[in-house]
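Peer 1: The structure that follows is given in the form of structure tokens.
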Amino acid sequence: MLSTSQIPFKDRLKDVAKVVEGDLKALLTFTPPKGISWPDRLFEAMRYASLNGGKRVRPFLVIETARLFNVEGEGVRRAAAALECIHCYSLVHDDLPAMDDDDLRRGVPTTHKKFDEATAILAGDGLLTEAFVILASPKTHEDAKIRSELVSCLAQAAGAIGMVGGQMLDIAAENEEKNEQEIRTLQAMKTGALLRAGVEMGAIISGATNEERARLIRFGEVIGLAFQLADDLLDVIADAETMGKATGKDAEQGKATFVGLHGVEDVRNLLREQVKEAEELLIPFGDKAATLKEMAHFIANRAY
């Protein structure tokens, strides 16, 4: 039998995605108390929004970071699922008419198209709050201090100084010129925060030292920027069928992007620099970090 490190990266990614899908399905199956009216349509929408595929990059980062320290099991998977709940909620809300107004997500109708806008809003709210129910359970970690750190990490990454704040900056930036630092800040909050949280949560639940945690957080920041650089490129060079959603919308909406500031080739070069730094940050972890290094390349290679 092959060890995990010997499994080809794409197979490992698919295997983890299947595990995360199964965990989400179990965690988002609710049993009504006797005699209680149950919001089945809400739960159906929550499952629709979170069980329709996806590469599960963020939970993969939690699981693979924990593996650096030989930590695996239900608790790690629960933390990974909680992060994915946040990501899925953000997609539901991003797709709404008041935000990006998208009809497709991963090649299928967005949640508000499949159901309705009110149900989509509530489904996103449900996924957001359920993430913290999952993290707060002793099943995630027996140590309340670790659970508290996980909750704090995810809340900050998802909230006003993280993803939500970044989305607000993105809306405000439409049809406004932004310099590189402003775009970096916006994207580090909007896109990078949850990717960084994936790595940091894996470090927290594994009991990493402060030095190890700081190095891994920086790795998360670097691949977060790489992810956004690749997304900016794909919005320009890919088609809707390949992406499973509309493309070319950033330019149409006048959004500030790295491609708009520097052009395609310069952004590709910047993307290569991020991959190089990501690899260098993982050197102290030796061969155990091979899968995380592959993840950095995977993120970048989407745009080549």
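Laboratory data are not the source of any read-out in this text; all were calculated from the coordinates shown. As the structure is a computational prediction, the values presented were derived from the model and not from experiment. Every residue, glycine among them, receives a Cβ derived from its backbone with ideal geometry; neighbour counts consider all protein chains shown.
Peer 1: Excluding the sites themselves, what is the longest stretch of the chain that contains no GluC sites (Glu not before Pro) in a DSSP loop with at most 13 other C-beta atoms within 10 Å?
Peer 2: Between the exposed loop sites, the longest stretch runs 178-304.
Peer 1: Report, ordered by chain and residue number, the lysines lying within cross-link reach of Lys113, taken as a straight Cα distance under 20 Å and ignoring same-chain residues fewer than 8 apart.
Peer 2: Partners within reach: Lys245, Lys249.
Peer 1: For the range 195-232 and the range 29-66, what is the centre-to-centre distance using only Cα atoms, to the nearest Å?
Peer 2: 24
Peer 1: While we're looking at this one, here's another question. For Phe9 and Met168 in one chain, what is 0.36 nm times their gap in residues minus the Cα-Cα distance, to one decimal in nm?
Peer 2: 53.8 nm
Peer 1: Sequence-distant or interchain residues sharing an amide H contact under 5 Å with Leu104, placed H: which?
Peer 2: Under 5 Å from the amide H of Leu104: Thr110, Ala246.
Peer 1: Taking 0.36 nm per residue of separation and subtracting the Cα-Cα distance, what length does fully extending Ala98 through Glu74 add?
Peer 2: 4.9 nm
Peer 1: Quick one: pull the percentage of alpha-carbon pairs in the range 40-80 with a separation above 15 Å. Could the numbers behind the result be given before it?
Peer 2: Numbers: 431 of 820 pairs.
Value for the range 40-80 (Cα pairs over 15 Å): 53 percent.
Peer 1: Using +1 on the beta carbon of Lys and Arg, -1 on that of Asp and Glu, and nothing else charged, what's the dipole of the chain about the Cα centre, debye to 20?
Peer 2: Using Cβ point charges on Lys, Arg, Asp and Glu, the chain gives about 1120 debye.
Peer 1: Report Rg(Cα)/(2.2 N^0.38 Å) for the chain, keeping two decimals.
Peer 2: Working it through for the chain, the quotient is 0.97.
Peer 1: What number comes out for the charge environment of Lys288, summing +1 per Lys or Arg and -1 per Asp or Glu over other residues with Cβ under 11 Å away?
Peer 2: Numbers: positive: Arg67, Lys293; negative: Glu64, Asp287.
Here the charged neighbours net out to 0.
Peer 1: Take Leu42, project a point 7 Å from its Cα along the Cβ direction, then tell me which residues of the range 117-159 have their backbone nitrogen under 20 Å from it.
Peer 2: Once the point is set 7 Å along Cα→Cβ of Leu42, 117-137 turn out to lie under 20 Å by backbone N, inside the range 117-159.
Peer 1: Right, another one. Hey, rough spin-label estimate for Asp116 and Lys34, points 7 angstrom out along Cα→Cβ, what's it come to in nanometres?
Peer 2: 3.3
Peer 1: Follow-up question, since we're still on this one. Calculate log10 I(q)/I(0) of the range 46-160 for q = 0.11, 0.18, 0.22, 0.23 Å⁻¹, where I(q) comes from the Debye formula with a single equal point scatterer on each Cα and nothing for solvent.
Peer 2: Results for the range 46-160 at q = 0.11, 0.18, 0.22, 0.23 Å⁻¹ read -0.38, -0.89, -1.17, -1.24.
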